[in-house]
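This report refers to the structure that appears directly beneath it.
Read the figures in this text as sums done on the coordinates, not as results from a lab. These figures come from a predicted structure and were not determined experimentally. Cβ placement follows ideal geometry from the backbone for every residue including glycine, while neighbour counts extend to all protein chains displayed.
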Amino acid sequence: MNIRENIPLSTLTTMRLGGPARYVAEIADKDDIKKAYAFASEKNLPTWIMGAGANTIGKDAGFRGVILLNKIRGTEIIKESPDELILKGMGGEIWDDFVAFACQKGYSGIEALSGIPGTLGAAPVQNIGAYGQEISQVITEVEAYDTHERRFVTIKARDMKMKYRETIFNHGPDAGRYFIVSVTVRLKKGTLAPPFYRSLQSYIDEHGETDFSPENIRRMVLIIRAAKLPDPSEEPSAGSFLKNVTLKSPAAIAAAKENGYPTYQKPDGSTIINSGWLIEQAGLKGQTFHGFRVSDKAALILINDSAKSYTDLSAARNEIKKTIKDKFGYELAQEPVEIGDKNED
Ligand SMILES: Cc1cc2nc3c(=O)[nH]c(=O)nc-3n(C[C@H](O)[C@H](O)[C@H](O)COP(=O)(O)OP(=O)(O)OC[C@H]3O[C@@H](n4cnc5c(N)ncnc54)[C@H](O)[C@@H]3O)c2cc1C
């Protein structure tokens, strides 16, 4: 296991913020997981699990503990039949490589999740979703290291309590308890059927597309994403910075509709308002707050143009949230996690 010292969090996160992490342990196999937790416990230090840092914000003080950087690689076909593919990938695999592999084999279920930055191990943590799909729809189980019981366990999908951006891995008493070693998904042979999620459907209509095969949906999603989402290697961001608003009651849904706010019913039955729409309507698109720019292409994305500190981010966030609260009455919640917040062992 390779352990490095005093590594700036800004180099490990796509938002490019944060002071030094005391230790960073590179996890190359299952044995390294145990070794890294033992190392932290010997030194009585907290731990934090990381993949590509695409949904993670570092704070100015850094992290005084041990970051476990997941680099466990490998993908395995568990079962392939004319109807379905059961595919298992190790947590350090790049999510989009996993998607590309499944699409190329012609199986449907994660094609709309093409192009999401980050690792496979992080994908179930916030139940990644895009263009009408979520990993919750196809995940069957994960293998994980249980830091409480100090052993490897299998967690079935039904026990993950997956909702919009929320699971047992990032919410509630077990947040941060499990190091996800591998993820298994069940995909179906076939194609998705219209109607598609708004922006995908618009693209399809505009270009007269009729091929909805996994590979072609992937191709279209990658084009749509490239046109509006910043490439983290060129423009630092953590993707959607604020979550969509989930309307929790029929009264809230009715009120939103009465106000003319566009609502969207998700496959799980819940109804949301796209927070990007709220931000855009409030006139914040393209505006800069404390070195952070609200993307003029996708209003949910905050791009770090020139900010160097978490204090700036905090100020920018508060101003944006206040504007939305004052104008629409909705309290927006931040999507990316902050190192040291909940996921400490
Ligand atoms: C430009 C851009 C676009 C994006 N678009 C989308 C999108 O369309 N949809 C979407 O859902 N997200 C999107 N995201 C967010 C991000 O890509 C996902 O959340 C992704 O899953 C993060 O992967 P990561 O490896 O970078 O996770 P990290 O940021 O490293 O970690 C995220 C969380 O998962 C935990 N974690 C990481 N690995 C493990 C593991 N092996 N075991 C247990 N816990 C772990 C971390 O502790 C942390 O709490 C986008 C981000 C960017 C920068």
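Which of the three applies to the range 62-105, rounded, prolate or oblate, going by the alpha-carbon gyration tensor with a ≥ b ≥ c and a/c under 1.5 meaning rounded? Intermediate results must be reported in sequence, preceding the final value.
Details: a/c = 4.53, a/b = 2.92, b/c = 1.55.
Prolate, because a/c is 1.5 or more and a/b exceeds b/c.
Which value, in debye to the nearest 20, gives the size of the charge dipole of the range 2-70 about its Cα centre, when Lys and Arg are +1 and Asp and Glu are -1 at the Cβ? It would help to have the intermediate numbers written out before the result.
Numbers: 9 positive and 7 negative charges, 34 e Å.
The calculated dipole for the range 2-70 is roughly 160 debye.
Given charges of +1 on the Cβ of Lys and Arg and -1 on the Cβ of Asp and Glu, with all other atoms neutral, how large is the dipole of the chain about its Cα centre, in debye to the nearest 20?
560
Where nothing but the Cβ of Lys and Arg (+1) and of Asp and Glu (-1) is charged, how large is the charge dipole of the range 77-129 around its Cα centre, in debye to the nearest 20?
With Lys and Arg at +1 and Asp and Glu at -1, about 100 debye.
Percent relative contact order of the range 2-70, based on C-alpha pairs within less than 8 angstrom and at least six residues apart? Show your work: numbers first, answer last.
Values: 149 pairs, mean separation 29.5, N = 69.
About 43 percent, as a whole number.
Identify which of I116, I253, I49 has the largest mean-square fluctuation in a Gaussian network model of the chain, with springs joining Cα atoms closer than 10 Å.
I253
State the Kirkwood hydrodynamic radius of the range 75-189 in Å, one decimal place, computed from all pairs of distinct Cα atoms. Walk me through the numbers before you get to the answer.
Values: mean 1/r = 0.0712 Å⁻¹.
Result for the range 75-189 stands at 14.0 Å.
Measuring from the lowest to the highest alpha carbon on each principal axis, how far does the chain reach, largest first, in angstroms?
So the extents along the principal axes, rounded to whole Å, are 58, 54, 38.
Give me the distance between the Cα centres of the range 190-220 and the range 259-292, rounded to whole Å.
Centre-to-centre (Cα) distance: 23 Å.
So which GluC sites (Glu not before Pro) in the range 109-154 pass both tests, a DSSP loop state and at most 15 other Cβ atoms within 10 Å of the Cβ?
In loop regions of the range 109-154 (DSSP not H, G, I, E or B), the sparsely surrounded GluC sites (Glu not before Pro) are E149.
Counting only C-alpha contacts under 8 Å and six or more residues apart, can you give the relative contact order of the chain as a whole percent?
Details: 749 pairs, mean separation 58.7, N = 345.
The value is 17 percent.
How about the range 162-271: which trypsin sites (Lys or Arg not before Pro) there lie in a loop by DSSP and see at most 11 other Cβ atoms within 10 Å?
K248
Quick check on the range 237-338: take the gyration tensor over C-alpha atoms, sort the square-rooted eigenvalues as a ≥ b ≥ c, and tell me if it's rounded (a/c under 1.5), prolate or oblate.
The shape class here is prolate.
Under 19 Å Cα to Cα from K248, which aspartates and glutamates show up? Leave out anything in the same chain fewer than 8 places away.
K248 reaches E166, E258, D268, E331, E335.
When DSSP beta bridges are limited to those with both residues in the range 2-70, what percentage is antiparallel, rounded to the nearest 5?
If we restrict to bridges inside the range 2-70, about 40 percent are antiparallel.
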